[in-house]
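Trainee: The structure that follows is given in the form of C-alpha cells.
Values quoted throughout were computed directly from the atomic coordinates according to the rules given, and no laboratory measurement underlies them. As the structure is a prediction and not an experimental result, all values here were calculated from the model. Glycine also receives a Cβ, built like all others from the backbone with ideal geometry; neighbour counts cover every protein chain displayed.
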Amino acid sequence: MFDKIKKKFSEMFSNDEGNEKIDENSTENEGIKNSENIYHENKGAPKIREGNERNIRVIKRDEIEDSIEQILLESDVTFDATETIVTSLKNNLGKIKRKMDYDIIEEQLKMVIKNLINKNNDNSIDILNVDKKPYIILFLGINGTGKTTTIAKMAYLLKNNSKKVVISASDTFRAGAIEQLSILGDNIGVEVIKHDFKSDPASVAYDSIDHAKARHMDYVLIDSAGRMNTNKNLLDEMKKIKRVAKPDLTLLVLDAMIGQDVIEQANTFSKEINYDGVILTKLDTDAKGGAIISISTEIKKPILFIGTGQNMEDLMKFDVSWYLNKIFSS
Ligand SMILES: Nc1nc2c(ncn2[C@@H]2O[C@H](COP(=O)(O)OP(=O)(O)OP(=O)(O)O)[C@@H](O)[C@H]2O)c(=O)[nH]1
Ligand SMILES: [Mg+2]
C-alpha cells in the first residue's frame, strides 16, 4: 500500500549518519553558504551539497520543495492540492529561523498534509454512535467501485458491535447483484431484504426500512446499482431511492485505483445528488497513495472509511495519523 509515495519520501528523508544538515537559506549559515568547498553532488532527489572539509551537507530548500512537488504529482495528488501543500510548506519553513534538517522538513510536511486533510474531514460523523433508529445509510457510486462489498463489511462491523442491521438489495438492475448480496449476507449472518430482478429499488429500500422499524433494528444499509453520469434513468432512480428512503447518511464509494479520476467522478455525482461523505476502497492495491490527499482537498467531503482488502474485516475508519505513518515510514 502506498509503496511509491512511501519509497520516494523515505529516500528523500533518509538521514546519512554523521552529516549535519542545514538549510542553505537560513541566515545562520552564511559562512557555510559562501564556502568555496561546497560542491554539487547528485544523489537523486533532492540535490545535496557537501562541504568536503567540514563534512557538512547543505540542503537547498528550493530543491527540496521542488522534489516534494514532484513526488506529490507523481503520486496521484492533483495539481491544485500539490500547490496548496507546497505553498503552505514554504510558509511554514519560512518562519523557521534555526538550522533545518530533514526531520524538520518532514515534520512540517506532515503537519501541512494533516491540516489539509483534517480541514475537510468532519469527524463528527461517527457511524457506530448515532442517536436515530433505524439509522439509514445509502451507498452510491459507479460500477465496480466496491459498494456491495463495502456494505457487507460495514454490516459485519456493525454486527460485531452488537448492532442489529438489515441490508436492502436495491441494486435490482445488474443480474447477479441480488444473489451476490444474499451470499454475503448469509456469510456474515445479516438479513438481506430483496425483491425480484428489475423491480423498483426504492420500493425495496422502503420495505427494508419498514422491516427494520417493526423489529427495532439499528441500521438499514441500502445497496444501489453502479451508475455513470450518462445513465439518465439510473440517475433518476438514484434520486428516487434517496427521496423515498430519506437516508440519514449518503455515502459515495470511490475506488482508489483510478487515481486522480476520483475527483471528476465525485464532482459528477455532486452535480446530481448531495452526499455526506466518501468511502475510499481498494487502498490495498493503491501503490501511489495520493488519492486521499486529493479527495480531502478537492472534494471537501470527509473520508469516513477506507477499504483495505476483500475480506469482511478490511474496512477501517479513516484516520489521518495512520495515513501519515503509512506514507512516511519506510
Ligand atoms: N482489493 C480490494 N478489492 C475490493 C475492495 N473493495 C471491493 N473490492 C473488490 O472489488 C470488486 C467489485 O466490488 P463490488 O462490491 O461488487 O462493487 P460494486 O460497486 O458493488 O459493483 P457494481 O454493483 O457492479 O456497481 C470485487 O471483486 C470486490 O471484492 C477493497 O477494499 N480492496
Ligand atoms: Mg454492487
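Trainee: Can you compute the modelled spin-label distance between N120 and K213, with each label point 7 Å from Cα toward Cβ, in nm?
Mentor: 3.6 nm
Trainee: Pop a pseudo-label 7 angstrom from the Cα along the beta-carbon direction at both N187 and K271 and give the gap in nm to one decimal.
Mentor: Placing both labels 7 Å beyond Cα along the Cβ direction yields 3.6 nm.
Trainee: About the Cα centre of region 200-330, what is the dipole size in debye to 20, counting +1 per Lys and Arg Cβ and -1 per Asp and Glu Cβ, all else neutral?
Mentor: Numbers: 16 positive and 19 negative charges, 75 e Å.
The calculation lands at about 360 debye.
Trainee: For region 224-330, state which GluC sites (Glu not before Pro) are in a DSSP loop and have at most 11 other beta carbons lying within 10 Å of their beta carbon.
Mentor: Numbers: sites: E237, E264, E272, E298, E313; in loops: E313.
Of the GluC sites (Glu not before Pro), the ones in loops of region 224-330 whose Cβ has at most 11 other Cβ atoms within 10 Å are E313.
Trainee: Taking the number of other C-beta atoms within 10 Å as the exposure measure, put M316, M217, M154 in order starting with the fewest.
Mentor: On the way: M316 15, M217 19, M154 24.
Fewest-to-most Cβ neighbours within 10 Å comes out as M316, M217, M154.
Trainee: Another question about this same structure. Once the piece of chain linking D131 and E63 is laid out straight, how much longer is it, given 0.36 nm per residue of separation minus the C-alpha distance between them? All intermediate terms of the calculation are to be shown ahead of the outcome.
Mentor: Numbers: separation 68, 0.36 × 68 = 24.48 nm, distance 5.13 nm.
Between D131 and E63, full extension yields an extra 19.3 nm.
Trainee: Using label points projected 7 Å from each Cα along Cα→Cβ, tell me how many nm separate E107 and D3, to one decimal.
Mentor: Reported label-point gap for E107 and D3 is 3.2 nm.
Trainee: Another question about this same structure. Beyond a 29 Å Cα-Cα separation, which of these cross-linked pairs lie in this structure: K153/K288; K7/K163; K240/K288?
Mentor: On the way: K153/K288 24 Å; K7/K163 41 Å; K240/K288 37 Å.
Checking Cα-Cα distances, K7/K163; K240/K288 exceed 29 Å.
Trainee: Taking 0.36 nm per intervening residue step and subtracting the Cα-Cα distance, what contour gain separates E313 from R243 on full extension?
Mentor: Gain in length upon complete extension: 22.0 nm.
Trainee: A further question follows. So if each residue of separation counts as 0.36 nm, and I subtract the Cα-Cα distance between N231 and N91, what length gain in nm does that give? Write down the numbers at each step before the final one.
Mentor: Numbers: separation 140, 0.36 × 140 = 50.40 nm, distance 4.51 nm.
This chain segment gains 45.9 nm when fully extended.
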